[in-house]
Every structure is written in structure tokens, then in C-alpha cells.
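Asker: Please read through the structure below; I'll follow up with questions.
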Protein chains: 2
Amino acid sequence: MPTSCAPSSCAAPIRRKPRPPNNPLSSMKIQNLRKKIDQLDSRLLTLLNQRAKLSAAIGQWKLASGSHVYAPDREEHLLRTLEGKNAGPMPHGALRSIYREILSTSRACQRPLQVACVGRELSNAWVATRRRFGSSDNYQSLSSLTQVINGLSRRKLDVGVVDRPTLIALVWEKPALAKKFAVCGDITLPARAGRNGNGARDVYFLLSHSPVPPTDYSKTVVALECTAAFGSVKEWQAAFSVLRRSLLHVEQIKWGKGNSKSRWLVELKGHWTADDLARKLEPVQMIRRWLIVGSYPEVPHYA
Amino acid sequence: MPTSCAPSSCAAPIRRKPRPPNNPLSSMKIQNLRKKIDQLDSRLLTLLNQRAKLSAAIGQWKLASGSHVYAPDREEHLLRTLEGKNAGPMPHGALRSIYREILSTSRACQRPLQVACVGRELSNAWVATRRRFGSSDNYQSLSSLTQVINGLSRRKLDVGVVDRPTLIALVWEKPALAKKFAVCGDITLPARAGRNGNGARDVYFLLSHSPVPPTDYSKTVVALECTAAFGSVKEWQAAFSVLRRSLLHVEQIKWGKGNSKSRWLVELKGHWTADDLARKLEPVQMIRRWLIVGSYPEVPHYA
């Protein structure tokens, strides 16, 4: 028995007791509701296992046919179809969060997705990666973009995650390297206090083996360098008014060496294989150089 | 048209085409499997919305009766029941990951859970918090444990998350403060390379208003200071062999001032309200002081 000092406890007496309900019926009603939830959960469990079995069967075919486990266009189509049918009260965002895990489980029943980020565990890149993929995917932390690109080329990786300026700087200087992978998505982390302003948004690109086919909700990310420097997004928008209808987002970001005031990252509606893109950018005299980073499905902000 | 430099592109031609299947039947089979998955998804959607409706009804009762939105014992019971029924192929870990989001949605249909961690956004404490709770809960970053405790006392928060040494140091020095909250769970982050050794595991405690009632899988966390210093876990285990059968985990951790070689954190089977705990610790002469940090359900490692 410890004698020099009385034992102390930070566990206070149990206080969690709901105030008695107004009448006994309401307590019965709660028990009824909970029983119904239990029944629903049993049915959910059955359906989830049926889904896992079907996914495993598709996985066998995918392996045999050399098809990819990760198909962002198909996943986004599935999610948008479900959102179309979703009558509530579950919000679309919650539906997507549940399906992030369901799709992760389904992929794992085929073959766990191999995902790597440039950055150590618990780094921002790692957090971004875990945010997009699910708990059943396999994660690796790599120390350079080159390692990620090598992993993709050798099919050791399905997806790589890297911060935006690092990727653009590389392909801006060495466009030939870009043949080894394709940008297939992006992840935005919440803006952090005190880090607003130029280039402060934490955005990451997803890289995979092959470009994503066109969808009805494709967007194209273009990096461009202008002949003039613009001081603000408004100035830029005025100069590039020809893009207005297809423009989704424009941001001044810094990559590599060079005048960051003349370098912009632009998101346009549509897939880069559509003729529209060249038609939109051709008349713009102020572009010194442009680089199509990639086309992939736009994911809603609440996702 | 940009003339000074030809446009370059990192979007290679679309290469993702599965090799043609061996026979047309297999392609039909895939289409059939995908159709079945679509049908399952529609049924899942319906059940998830029914669950959300029932949760909202329970939420109204909870609000009226002053009951808590977060009940870790009930949630763990639900998960263990489902695991008992889970015939696979979905692994238990995947089931828990999907349910982390389903339960988060259910809570949000009652009233979004207010969760705060001690640490800025994207800090390790924040990562730990996001790992345990779901996408539909509300998150805050606070700068001190005192702010978390105040938030819990004023019922502005449902759950607070703080790293283990900070919490123990506080209640070790000021046991009276511990009356204002109860430890209701823990979260372990993956060990990071180069940070193994004493006190290196990133473990966080969950704090709530009230202690968690006993369950069949309760564990009790006890911080204790010994009269002698032990150099290793093995030495400690030999001296405290009386605890062997109820001992789940023992770890030398550093908190506050004092000889860290004589301070240990111990996890024992059972709830602190059971007589066992005093009976187990009483015969141990080597305990100078002990502190019951809390009792809460043990969560499996794969969760």
C-alpha cells in the first residue's frame, strides 16, 4: 500500500445519467429506435460484405486484363450518381466520407492501393494523402518526387502525392519527365492561420500511370507564364477576359526560378483533349509559355 | 498564340485502356458485376438515410433529456457486436473505418460533435483527432489544455484531445482540476522513424464531461511513481509481478519534473470502479504515489 502519499484519482464519480424522461413511453420509444438502428446495421453489414465480394471478383478480372485498381473517373461518376439519388437527410459530404472508406475497402479486396507521398509521416503531404484515400489503402512516405515517379514507372505505386510547386517546377524545367506519369487529381488542405497570401494554399497533386479519360466534369490545370507581370487576380482576369466562361480558378503561385508575378496556375472547365483549350488560349497574346499540368474530374468542395 | 516558346504539356496521350478481355463474355460479366454493385449502392444509400433519420430522432430525445451526444461505451459495444456478426470478406478494420464515418454522420444528425485538440491545425494532435473522429464532426484547435478543460466545463465542447504527458503532468500537480473532466479514450499515432525510445509513442487522451461506465472490455490507465528506479520494462514487470494477469501495457514515460526512471504508465484490465484495482495495487510496497487517469473501453489495435 503506498503510504507516503495518498492515492489520487482523476476519475470523478460517474455522472453520466440522462435526466429521467418525461414519461416511460419515451424511454420505450428510444429502445425501439435503437433496436431499429441495430437491425439497419445488420443489413448494412450484409450489403457491405456483398459489395466486397463483387469488388474482389472485378479485381480478378482487372488483374488479368492489366487494368488499374484506381480509376478516379469511375469513382467520381459513382459518387455523383449516388448524390443525384440522395434524398437526405444525410448530406452529400457525409455520403462522400462514408464512401471514401467503402471504396477503399473495395479496392483493398482487389489489391490494396499503393499510395506514396513526398514527405515523412505526419507531414502535411501525408495528411493530405490520408484525407483523400481510405484506411484500407497502403501508404508509403518517400523523400523525393523522383522516387515517386520511379515507383509509378515500375508499377510499384498506383498513386503518388506531391505538393503543387514541386511538381510544376520539375515539369516546367524537364517536360520529357512528364511522359512518365499523369496528374489525376488534387487535394486541398485547409488554409492555416498566418499563412494566407501568395502560394499559401496547401494543394497537392495526385499522380498516376495514365491520364484520366474525359468526363462531364473534367477540369484542366494549366501553368502559364505571361509576358507582363500582374499585381492581382483582378488584373489578370481583366487581361484574360477571353477565358471568363471556362475559368474555374486562377491563382498566382511561385514555382522554380523566375518572376513569380508573371506565373499563374489556372483551372479551366473541360478536358485538355477537347479542342476548346487551344482555341481558348491561342488568341491570348500575353502568354509567354504554357504547360498543361493535367485533366481530371472536379471534386466538389465539401468532399 | 504564345510564340516565344512552344506550349508544352505533361499530359501524355491517354494510355489507360484495359487489354481486350479473353472473350466477349468476360466483358459482359464485368458489366453485370458493376450493375450489381450499383444496385447494392442504391440500397446502401437508402439504409444510410434511414439510419440518419433514426439518429436524428434519438438526438431530439438526447437534447431533451440532457444526455450526451458522444457515448464511447455505446459506440464500442455497437462495433464489437457488428464484428461478432461480420462473416467477411470485409476485414474488421475496414468495417470500423466505414463505421467511423457512419457514426460521425449519425452524431451530426443529432448535433455535430464539438471536438477540440491542444495543437494547431495539421499538428500531430490534430492528426490524431481527425483519425479518431469522422468528417461530419466539428473540429477546433486550441492552444492550451486549460482552454479545453474550460470548454468541457462550460459544455461548449464534447471532447478534448491532448497529448499524454501534458495531461498527466497537470493532474499529477493539481488533482482537484481533474474533477472538471474525465478521460474517455486514447489515440495512438504510428511511431515515427528516429523517434523510438522513451516517451516517443505519440499517444493522446480523449477528455469528456463524464467518466465512461464499465463495459466488458474496460481498461484502466494508472500513472505511478515507484520508490525505486527501474532501468527497463522487464525489471519493472519482475517487481510488479502481482499485476501480471491484469496487465495490458506498461511504459516508462516522462511527465512534469521528477525522476522519469521511477515513473510509469500502466494499463490494467477492468474498470477503476471495480474493487480489483485497489486489491491489485495495495500489496505493492514499491508504489510511492499513484493516480488513476481513467477507465474506458479498449479499442482493438487495427481500429
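The values are calculated or read from the model by the stated rules, or taken from the named source; none is laboratory data. All values reported here derive from a predicted model rather than from experimental measurement. Don't worry about glycine lacking a Cβ; one is built from the backbone with ideal geometry, like all the others, and counts go over all protein chains shown.
Asker: From the list B:74, B:43, B:19, B:34, which residue is touching a Ser or Thr at 6+ places or on another chain (Cβ under 9 Å) and either at pLDDT 90 or above or at the interface with chain A (Cβ under 7 Å from one of its Cβ atoms) (or both)?
Answerer: B:19
Asker: Let me ask something else about it. Can you tell which of A:44, A:48 is within 20 Å of residue B:35 (Cα to Cα) and in contact (Cβ under 8 Å) with a residue 12 or more places away in the chain? It would help to see each step written out before you state the result.
Answerer: Details: A:44 fails: in contact (Cβ under 8 Å) with a residue 12 or more places away in the chain.
None of the others qualify; the one that does is A:48.
Asker: Follow-up. Counting only residues that are at pLDDT 90 or above and over 14 Å from the mean Cα position of the chain (by Cα), which one in the stretch B:180-209 is surrounded by the fewest Cβ atoms within 10 Å (Cβ to Cβ)? If you could, list the steps in order and put the result at the bottom.
Answerer: To start, the set of residues in the stretch B:180-209 that are at pLDDT 90 or above comprises B:180-188, B:203-209.
Adding the requirement that they be over 14 Å from the mean Cα position of the chain (by Cα) leaves B:180-182, B:209.
Details: B:180: 14, B:181: 28, B:182: 25, B:209: 19.
Across the stretch B:180-209, the extreme among qualifying residues is B:180.
Asker: Looking at (1) modelled with pLDDT of 85 or more; (2) surrounded by fewer than 18 Cβ atoms within 10 Å (Cβ to Cβ), find the lone condition where residue B:58 falls short.
Answerer: (2)
Asker: Within the stretch A:63-78, which residues are under 16 Å from the mean Cα position of the chain (by Cα) and assigned to a helix (DSSP H, G or I)?
Answerer: A:72, A:73, A:74, A:75, A:76, A:77, A:78
Asker: Could I ask something else about it? Being touching a helix residue (DSSP H, G or I) at 6+ places or on another chain (Cβ under 8 Å) and free of Cβ contacts under 8 Å to residues at least 60 places away in the same chain is the requirement here; does residue A:284 meet it?
Answerer: Yes, satisfied.
Asker: Among the residues of the stretch B:210-243, count how many are more than 20 Å from residue B:280 (Cα to Cα) and crowded, with 21+ Cβ neighbours inside 10 Å.
Answerer: Final tally of qualifying residues: 2.
Asker: Considering only the stretch B:109-118, I want to know if a residue exists there that is assigned to a helix (DSSP H, G or I), under 26 Å from residue B:154 (Cβ atoms) and either in contact with a helix residue (DSSP H, G or I) (Cβ under 9 Å, 6 or more places away or on another chain) or not small (Gly, Ala, Ser) (or both). Explain how you work it out, then say what you get.
Answerer: Initially, the stretch B:109-118 is screened for residues assigned to a helix (DSSP H, G or I), giving B:109-110.
Going one step further and asking which of them are under 26 Å from residue B:154 (Cβ atoms), we end up with B:109-110.
Those still in the list that are either in contact with a helix residue (DSSP H, G or I) (Cβ under 9 Å, 6 or more places away or on another chain) or not small (Gly, Ala, Ser) (or both) too: B:109-110.
Yes, there is a match, as at least one residue in the stretch B:109-118 is assigned to a helix (DSSP H, G or I), under 26 Å from residue B:154 (Cβ atoms) and either in contact with a helix residue (DSSP H, G or I) (Cβ under 9 Å, 6 or more places away or on another chain) or not small (Gly, Ala, Ser) (or both).
Asker: Related question: Test residue A:104 against the criterion of being hydroxyl-bearing (Ser, Thr, Tyr) and in contact with an Asp or Glu (Cβ under 6 Å, 6 or more places away or on another chain), and give yes or no.
Answerer: On the way: hydroxyl-bearing (Ser, Thr, Tyr): yes; in contact with an Asp or Glu (Cβ under 6 Å, 6 or more places away or on another chain): yes.
When the stated conditions are applied, residue A:104 passes them.
Asker: Could you go through the stretch B:127-135 and let me know if any residue there is within 12 Å of chain A (Cβ to nearest Cβ), buried (at least 18 other Cβ atoms within 10 Å of the Cβ) and over 18 Å from the mean Cα position of the chain (by Cα).
Answerer: No, the stretch B:127-135 has no match at all.
Asker: In addition: Can you list residue pairs whose Cβ atoms sit under 8 Å apart, with the first residue in the stretch A:150-178 being closer than 16 Å to residue A:222 by Cβ and the second being charged (D, E, K, R)? Count only pairs 6 or more apart in sequence or on different chains.
Answerer: A:164/A:186; A:165/A:254
Asker: Being outside any strand (DSSP E or B) and within 11 Å of chain A (Cβ to nearest Cβ) is the filter; apply it to the stretch B:280-303 and report the residue that is modelled with the highest pLDDT. It would help to see each step written out before you state the result.
Answerer: Taking the stretch B:280-303 first, the residues outside any strand (DSSP E or B) are B:280-286, B:298-303.
Pick out the ones that are also within 11 Å of chain A (Cβ to nearest Cβ) and you get B:281-286, B:302-303.
Working: B:281: 78, B:282: 75, B:283: 74, B:284: 78, B:285: 80, B:286: 87, B:302: 77, B:303: 65.
Among residues in the stretch B:280-303 that are outside any strand (DSSP E or B) and within 11 Å of chain A (Cβ to nearest Cβ), the one modelled with the highest pLDDT is B:286.
Asker: For the stretch A:165-178, which residues satisfy the criterion of being surrounded by fewer than 21 Cβ atoms within 10 Å (Cβ to Cβ) and at pLDDT 90 or above?
Answerer: From the stretch A:165-178, those surrounded by fewer than 21 Cβ atoms within 10 Å (Cβ to Cβ) are A:165-166, A:169-170, A:173-177; that's our starting set.
Scanning the stretch A:165-178 gives A:165, A:166, A:169, A:170, A:173, A:174.
Asker: Looking at the structure I just gave you, is residue B:98 without any contact (Cβ under 8 Å) to a residue 12 or more places away in the chain, within 7 Å of chain A (Cβ to nearest Cβ) and touching an Asp or Glu at 6+ places or on another chain (Cβ under 9 Å)? Write out each step before concluding.
Answerer: Numbers: without any contact (Cβ under 8 Å) to a residue 12 or more places away in the chain: yes; within 7 Å of chain A (Cβ to nearest Cβ): yes; touching an Asp or Glu at 6+ places or on another chain (Cβ under 9 Å): yes.
Criteria met by residue B:98.
Asker: Can you list residue pairs whose Cβ atoms sit under 6 Å apart, with the first residue in the stretch A:252-269 being among the charged types (D, E, K, R) and the second being buried (at least 19 other Cβ atoms within 10 Å of the Cβ)? Count only pairs 6 or more apart in sequence or on different chains.
Answerer: A:263/A:225; A:267/A:219; A:267/A:221
Asker: So for the stretch A:235-248 (the condition being part of a strand (DSSP E or B) and either away from chain B (no Cβ under 14 Å) or polar (S, T, N, Q) (or both)), does at least one residue qualify?
Answerer: If we filter the stretch A:235-248 for residues that are part of a strand (DSSP E or B), which is where we start, we get A:247-248.
The next check asks that each one be either away from chain B (no Cβ under 14 Å) or polar (S, T, N, Q) (or both); those that pass are A:247-248.
Yes, there is a match, as at least one residue in the stretch A:235-248 is part of a strand (DSSP E or B) and either away from chain B (no Cβ under 14 Å) or polar (S, T, N, Q) (or both).
Asker: For the stretch A:107-143, how many residues meet the condition of being in contact with a Gly (Cβ under 8 Å, 6 or more places away or on another chain), among the hydroxyl-bearing types (Ser, Thr, Tyr) and either closer than 22 Å to residue B:45 by Cβ or modelled with pLDDT under 95 (or both)?
Answerer: 2
Asker: While we're looking at this one, here's another question. Could you tell me whether the stretch B:267-277 includes any residue that is in a strand (DSSP E or B), at pLDDT 90 or above, crowded, with 21+ Cβ neighbours inside 10 Å and not β-branched (Val, Ile, Thr)?
Answerer: Among the residues of the stretch B:267-277, at least one is in a strand (DSSP E or B), at pLDDT 90 or above, crowded, with 21+ Cβ neighbours inside 10 Å and not β-branched (Val, Ile, Thr), which makes the answer yes.
Asker: What is the number of the single condition among (1) at pLDDT below 95; (2) under 17 Å from the mean Cα position of the chain (by Cα); (3) of a type in the set (S, T, N, Q) that residue A:104 does not meet?
Answerer: Result: residue A:104 fails condition (1) only.
Yes or no, residue by residue, for (1) within 13 Å of chain A (Cβ to nearest Cβ); (2) in contact with a strand residue (DSSP E or B) (Cβ under 9 Å, 6 or more places away or on another chain); (3) over 30 Å from residue A:190 (Cβ atoms); (4) not small (Gly, Ala, Ser):
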site	(1), (2), (3), (4)
B:123	yes, yes, no, no
B:139	yes, yes, no, yes
B:143	yes, yes, no, no
B:154	no, no, no, yes
B:157	no, yes, no, yes
B:206	no, yes, no, yes
B:211	yes, yes, yes, yes
B:218	yes, yes, yes, no
